[in-house]
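Engineer: This structure is in structure tokens; I'll ask about it shortly.
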Amino acid sequence: MQIARELYDQLIAHARAEAPNECCGMVASADGRAVTIHPAENAAASPLRYEIDGKQQLEILDAIEDAGHDLGAIYHSHTRTAPEPSQTDINLAFYPDSLYLIVGIANAEPEVRAWRIVDGQVSEAELRVE
């Protein structure tokens, strides 16, 4: 996935604003390029996991569809660990056609990494910042 620096920075800003809890949201895409960040409220309000409220999730998905875009990614942050999928992340990955972006803010230099999670199998995907 390609992502503009401005959108990449929005992901990091959202993660920092919600710390110490995890942040979460969705990324709309078109032709493999991120076009809009849709921040969501973490209904779990937890530093260890995230949950997008079902109603808000449907609203975001409707907005993405109404704009003619695709659900390119679901994102959340890891405030204490590396931006790699936890077992919980893997178990709750219900969108195999979308990427999972994890915003790591545990270190001084934040990092966003992309993952494909399908049937419990995890592989890193390219995230190209432009």
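Engineer: Taking 22 Å as R0, compute the FRET efficiency from the Cβ-Cβ separation of Leu48 and Arg16 and round it to 0.05. It would help to have the intermediate numbers written out before the result.
Structural biologist: Working: r = 17 Å, r/R0 = 0.79.
Taking R0 as 22 Å, the efficiency between Leu48 and Arg16 is 0.80.
Engineer: Taking 7 Å along the Cα-to-C-beta vector as the label spot, tell me the Asp31-Gln121 distance in nanometres, rounded to one decimal.
Structural biologist: The two pseudo-label positions are separated by 3.0 nm.
Engineer: Same structure, new question: Give me the percent relative contact order of region 2-129, please, defined on Cα pairs under 8 angstrom at least 6 residues apart.
Structural biologist: On the way: 258 pairs, mean separation 30.4, N = 128.
The normalised contact order for region 2-129 reaches 24 percent.
Engineer: Using a Förster distance of 35 Å, how high is the FRET efficiency between Tyr95 and Arg5, based on the Cβ-Cβ distance and rounded to 0.05?
Structural biologist: 0.90
Engineer: Between region 81-115 and region 1-18, what's the alpha-carbon centroid distance in Å?
Structural biologist: First find each Cα centre; the distance between them is then 13 Å.
Engineer: Which loop chymotrypsin sites (Phe, Trp or Tyr not before Pro) in region 90-122, with loop taken from DSSP, have no more than 13 other Cβ atoms within 10 angstrom of their Cβ?
Structural biologist: Phe94
Engineer: How large is the charge dipole for region 2-129, taken about the Cα centre, if only the Cβ atoms of Lys, Arg (+1) and Asp, Glu (-1) carry charge, to the nearest 20 debye? Walk me through the numbers on the way to the answer.
Structural biologist: Details: 9 positive and 21 negative charges, 73 e Å.
Here region 2-129 has a charge dipole of around 360 debye.
Engineer: Would you please state the base-10 log of I(q)/I(0) at q = 0.09, 0.13, 0.16, 0.18 1/Å for region 2-129, with intensities from the Debye formula using one equal scatterer on every alpha carbon?
Structural biologist: Values returned for q = 0.09, 0.13, 0.16, 0.18 Å⁻¹ are -0.21, -0.46, -0.71, -0.93.
Engineer: Around Gln2, which amide H atoms from residues at least 5 apart in sequence, or from another chain, sit under 5 Å from its own amide H, with H modelled in the peptide plane?
Structural biologist: So Gln2 has HN proximity to Arg33, Ala34, Arg128.
Engineer: Could you quote the convex hull projected area for region 1-41, Cα atoms only and averaged over all directions, in nm²?
Structural biologist: Values: hull surface 10.7 nm².
With every direction weighted equally, the projected area is 2.7 nm².
Engineer: Here's a follow-up. Kindly write out, for region 40-51 in residue order, the coupling ³J(HN,Hα) from the Karplus curve 6.51 cos²θ - 1.76 cosθ + 1.60 (θ = phi - 60°), rounded to whole Hz, with x marking Gly and Pro.
Structural biologist: So the J values, rounded to whole Hz, are 10, 7, 7, 5, 6, 6, 9, x, 10, 7, 10, 8.
Computed from the coordinates by the stated procedures, all read-outs in this text should not be read as laboratory data. If you're wondering where the values come from, they're calculated on a predicted model, not measured in any experiment. Note: ideal-geometry Cβ built from the backbone for every residue, glycine included; neighbour counts use all protein chains shown.
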